[in-house]
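Trainee: The structure's right below; bear with me while I get my questions together.
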């Protein structure tokens with residue numbers, strides 16, 4: 001069974017989230033989903049780029065999902081970027 005990790009981007013530093021993603025890959029996860037909601041969508045993209053810069057060709061973007069979800073009666077946009085370890 002393939003391990004899939006999830007990181008929800010919040011108020012922390014982008015580098016901290018990128019480090020968490022890299023640690024998940026080093027622990028054996030084959031895929032990690034980085035999710036950003038609302039104002040944190042751009043930070044999720046930054047996290048993804050930091051991981052790709054650090055890991056190079058060892059990681060690729062497997063899928064990108066965008067949409068919106070109902071949160072307390074309001075629609076909030078989100079992005080989910082699925083990263084896959086290639087080696």
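Trainee: Find the percent of Cα-Cα distances in the chain that exceed 22 Å, and round it to a whole number.
Mentor: Pairs farther apart than 22 Å: 23 percent.
Trainee: If the elastic network links every pair of Cα atoms under 10 Å, which of 27, 35, 72 fluctuates the most in the Gaussian network model of the chain?
Mentor: 72
Trainee: Provide the gained length on full extension for the span residue 11 to residue 69, in nm with one decimal, where the gain is 0.36 nm per separating residue minus the Cα-Cα distance.
Mentor: Between residue 11 and residue 69, full extension yields an extra 18.9 nm.
All of the numbers you see were taken from the coordinates with simple rules; none came from a lab. Nothing here was measured: the structure is a model prediction, and the numbers come from that model.
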